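Contents: one structure, followed by commentary.
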Amino acid sequence: MEVRAEGFVRSLPRLRRRIRRAAFVAIDAELTGLHSTFPQNNEPSLFDSPVERYLKVRQSVQRFTVAQLGLAIFSKENANKYVVHSYNFFLFPSTLGVRDVEFTLSASSIQFLSHYGFDYNKFLKDGIPYMNEVQEEVLRQHLLAGSWKFHSAMDKDVLKKAVDEVTCWIAAAEEEETMILQDLNDCHVLEVQLILRQALQNVWTKPLGNKKVMVKKVSLQQRQFLENSSYDHCQKELVLLSARGFTTLFQTLVKAKKPLVGHNMLMDLMHFHDKFYKPLPESYEEFKRNIHNLFPVLIDTKTVTKSMQKNYLFPRVSSLLEVYTVLCSSSLNPKDPPWPVIALASGCSRYAEKKSPHEAGYDAFLCGSVLLMSAHLLLCRSTNDAVEADPSFSQYLTVLAEYVNKVNCIRGSISSINFSGEDAPCHHPPLLVVHVRGWPGLNERQIYQEFKGLCRFDVRRLSKNQFILLSNKYKQVRLVLRYYKDHPHLQVSVYRHWRHSPFVNCLLQVSGVVALWSLLAFVLGGAPSCS
């Protein structure tokens, strides 16, 4: 189900009710970019500590924005059946503010989403506004001072036409006379009123519904009286509500404290924090605390299925759609009791008929479905298939306990980020060191390209002629050691700290110099003197 700015306010009460009644909510975000190229070397690396990874992703999140957000609301209706309301929200930063919002577009991301049918006109022209708490407070202060402004170039023609029309009319109008502005969309209805009231002190406005606004010529005294009345449709709180947009629904999610489910959801959570809550802090630990306070129960289906691939006869697949397809296969489907029934609500049924990968609402639906099927499979295995016919969602949460609040970390020094405790270190294969001989001027990129055809390693320079290689697969380490055993220019060996560390080598050299000087001083100082 698609939700844009035009119908968002009307949909809000129904959305809130469904979230409050939900068993859990699954999310997915489509972004204007993933990894910023500024500064360089900002892509994920196996060498990244949790703090380094957070700071890298933070830089990207601050540059890009959310183009489409998917929410799949899963509600348990009766025995072993979950009904799903899946929504696509097109989002666009609020243009009602003091400072214009800037964001970046990544050419590869735009091309990727366009390939899957993403409609950028809906994102740009009818995206639901949003703002975080800091932006909202700044707007609140400027509304009180009367110094707010619009930054939407797209709306300027509509607003100029309305102001010109009213300005021409009011010159000849008598007090109490009215006129009607027509063919305005939901956003323009508020914006036109605010602009007219700011520009003309002798008018009053009132929305009439059906995309119309009534304009009335009034005296200054009557204007002051109307501004202080409780029937003003442009009160400060209503303006804030309009500018806040999707953030209002985000706050409903926070208050509901439902389990929040995603797939590789770290970047989604960071965008949630930055766009709807507060700007991302510099402190990694503070970010973790904030997210845990907002969403006490997080489940990353990537973390769950990655573990299942290791412990069960579960094929190694990477994409969310592939995981969903594998789980739906008859080979994994338990016969007694079978999977819970997952039924799409009316208005979302096209997802049952047509695959729509990388559409946020569809991916959120897949994510929640993967969670239910994975949990059911884990429950059956943990009880040797002695599962009651209608397991509750709390039983699923119990069997998922070891994965709760552990969000997958793609290619890092840890496998997952623990939002409710300390991060557990990841056990990678041993480091390799490459010693270059007779091949001057090699850099990290060239070393990476050299090994890329054989396997995937992350590379860091150790010294002028030495590089460290790190992989997350033991077989790749063994393969490289065997393949490069007799290479004329590249000597590859297992990294030994006492042998290869520049710090240890420097310390040994200094110790050697000190020992030599000490010996020399002893010899010279201990020699017999001539009399």
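The values are calculated or read from the model by the stated rules, or taken from the named source; none is laboratory data. Remember, predicted model here, so these are calculated numbers, not experimental data. Because the Cβ atoms are built from the backbone with ideal geometry, glycine has one as well, and the counts that use them run over all protein chains shown. Accessible surface is based on the protein model in full, side chains and every heavy atom, while ligands, DNA and RNA are left aside. Shrake-Rupley method; radii C 1.70, N 1.55, O 1.52, S 1.80 Å.
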ask   = Do we find that Val61 is outside any strand (DSSP E or B) and at pLDDT 90 or above in this structure?
value = yes
Here the residues within segment 6-54 that are open to solvent by 20 Å² or more (accessible area, probe 1.4 Å), acidic (Asp, Glu) and under 30 Å from Val239 (Cβ atoms) are Glu6
Counting only residues in segment 191-238 that are of a type in the set (Ser, Thr, Tyr) and modelled with pLDDT of 85 or more, the one nearest to Glu6 (Cα to Cα) is identified as Thr205
For segment 12-26, pairs from a residue that is under 12 Å from Phe74 (Cα atoms) to a residue that is in a loop (DSSP other than H, G, I, E, B) and among the basic types (Lys, Arg), with Cβ under 6 Å and 6 or more apart or across chains, are Ala22/Lys258; Phe24/Lys258; Val25/Lys258
Report whether or not His489 is in contact with a Gly (Cβ under 7 Å, 6 or more places away or on another chain), of a type outside the set (Lys, Arg) and touching a residue at least 24 places away in the same chain (Cβ under 8 Å). yes
The lone condition Asn384 fails out of (1) assigned by the TED database to the domain that holds Phe89; (2) free of Cβ contacts under 8 Å to residues at least 24 places away in the same chain is (1)
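Would you mention how many residues in segment 107-130 are in a loop (DSSP other than H, G, I, E, B) and closer than 26 Å to Ala243 by Cα?
Here is the first cut: in segment 107-130, the residues in a loop (DSSP other than H, G, I, E, B) are 116-119, 127, 129.
Next, only the ones that are closer than 26 Å to Ala243 by Cα stay: 118-119, 127, 129.
Residues meeting the conditions: 4.
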Restricting segment 58-89 to residues that are in contact with a Gly (Cβ under 6 Å, 6 or more places away or on another chain) and of a type outside the set (Phe, Trp, Tyr), the one nearest to Pro279 (Cα to Cα) turns out to be Gly70
Checked Gly421, Gly441 against criteria (modelled with pLDDT of 90 or more, of a type in the set (Gly, Ala, Ser) and out of contact with any Ser or Thr (no Cβ under 8 Å at 6 or more places or on another chain)); the one match is Gly421
Filter segment 273-321 for residues that are free of Cβ contacts under 8 Å to residues at least 40 places away in the same chain, closer than 20 Å to Ala29 by Cβ and assigned to a helix (DSSP H, G or I); the one that is most open to solvent (accessible area, probe 1.4 Å) is Asn290
Considering segment 391-445, residues that are farther than 25 Å from Leu479 by Cβ and of a type in the set (Ser, Thr, Tyr), and then whichever is surrounded by the most Cβ atoms within 10 Å (Cβ to Cβ), we arrive at Tyr403
Here the qualifying pairs (Cβ atoms under 9 Å; residues six or more apart or on different chains; first in segment 396-421 and without any contact (Cβ under 8 Å) to a residue 60 or more places away in the chain; second part of a loop (DSSP other than H, G, I, E, B) and of a type in the set (Val, Ile, Thr)) come out as Val399/Thr383
